[in-house]
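Data block below; observations after.
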Amino acid sequence: MDKPRPKTGLVKSLAVSTVSLMVMCGLANIGPLEAAAGPVMVEQKAKTASHPTLKRGSKGAAVKQLQKKLNSVGRYRLLVNGNFDAKMTSDVKKYQKRVGLPSTGVVNAATWAKLNARAGYVKPFFYSPESGWVSSPFGPRINAITHRAEFHPGVDLVRPCGTPIHAAQAGTVVKASWDGGYGNYVIISHGKLGTKYHWKTGYAHLSRFKVKKGQKVKPGQIVGLEGTTGMSTGCHLHFNVWRNGKFVNGLPLI
């Protein structure tokens, strides 16, 4: 006499339903049975975990990811250190306003979605000479060496010594030599670049030159290596921009 066969389809269905119910009630961990528990729920949980709500005071890997995202859409130069500070809050508000979101400074799912889509990306006028964070912006400041008030005619970008420094646009090298407080200094004349202005850029405190005076350079070509020559407290690039012979803030242009 044949033995009755177990109704495997019914047993498997009941098992899947039981596991799904346990997961929904929080009584089971997502593990080997996550496919049975429902892949949609697992995917949504993973997405939420990778894009949590962040605000001033938040710290950790998710903040680092946010800093990289902001830096990738232009106009922002945040130090990728995992610390959501006051400056970052200000930049987040500016970005939210730019892409039509409430300017709260709190990074929620809507802000993450805009960043992931690179909404509001601004194509820079110049190629970035390097990818460092801003240690000293353009404008009034207290000099870190003299401790006196002064006008800082450029922007300081920080990366390790030896980092390649790139030409912001095509042009002709008009200086590649020592220049006192600027140390090893390269200046490139770019012409009008399709505008009504004449543009020049300067790259100071270099550890090594990679170009010579009179040399033609292409956009992004390496002109030197980051250093701390001249009047400097550490490895950084001092980046100057002239428009018709007058200093202008180069940060919004890169």
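The values are calculated or read from the model by the stated rules, or taken from the named source; none is laboratory data. A quick note: this is a predicted structure, and the numbers were derived from the prediction, not measured. Reconstructed Cβ throughout: ideal geometry from the backbone, glycine too, with neighbour counts over all protein chains shown.
Residue check: is Gly105 farther than 30 Å from Pro219 by Cβ and either in contact with a helix residue (DSSP H, G or I) (Cβ under 6 Å, 6 or more places away or on another chain) or charged (D, E, K, R) (or both)?
On the way: farther than 30 Å from Pro219 by Cβ: yes; either in contact with a helix residue (DSSP H, G or I) (Cβ under 6 Å, 6 or more places away or on another chain) or charged (D, E, K, R) (or both): yes.
So Gly105 passes the test.
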In region 78-89, residues that are in contact with a helix residue (DSSP H, G or I) (Cβ under 9 Å, 6 or more places away or on another chain) and surrounded by fewer than 20 Cβ atoms within 10 Å (Cβ to Cβ) total 5
For region 98-123, what are the residues that are part of a helix (DSSP H, G or I) and under 21 Å from Ile254 (Cβ atoms)?
Arg98, Leu115
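Which of the residues spanning region 126-179 are aromatic (Phe, Trp, Tyr), farther than 25 Å from Gly214 by Cβ and surrounded by 13 or more Cβ atoms within 10 Å (Cβ to Cβ)?
The first filter runs over region 126-179 and keeps only residues aromatic (Phe, Trp, Tyr), leaving 126-127, 133, 138, 151, 178.
Right, trim to farther than 25 Å from Gly214 by Cβ and you get 133, 138, 151.
Correct list: Trp133, Phe138.
Could you tell me whether Asp91 is outside any loop (DSSP other than H, G, I, E, B) and in contact with a His (Cβ under 9 Å, 6 or more places away or on another chain)? Can you show your working first?
On the way: outside any loop (DSSP other than H, G, I, E, B): yes; in contact with a His (Cβ under 9 Å, 6 or more places away or on another chain): no.
In short, no.
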Could you please tell me which pairs satisfy a Cβ distance under 7 Å, a separation of 6+ or placement on different chains, a first residue in region 42-67 that is assigned by TED's automatic domain parsing to the domain that holds Leu78 and of a type in the set (Asp, Glu), and a second residue that is loosely packed, with under 14 Cβ neighbours inside 10 Å and modelled with pLDDT under 95?
none
Sort out for me the strands (runs of 3 or more DSSP E) sitting completely within region 176-227 that have 2 or more residues that are under 18 Å from Trp242 (Cα atoms) and of a type in the set (Val, Ile, Thr).
184-191
When you go through Val241, Val186 one by one, which is the residue that is at pLDDT 95 or above, within 17 Å of Ser136 (Cβ to Cβ) and not assigned by TED's automatic domain parsing to the domain that holds Asn71?
Val241
Region 126-143: number of residues that are touching a Pro at 6+ places or on another chain (Cβ under 6 Å) and within 14 Å of Gly234 (Cβ to Cβ)
0
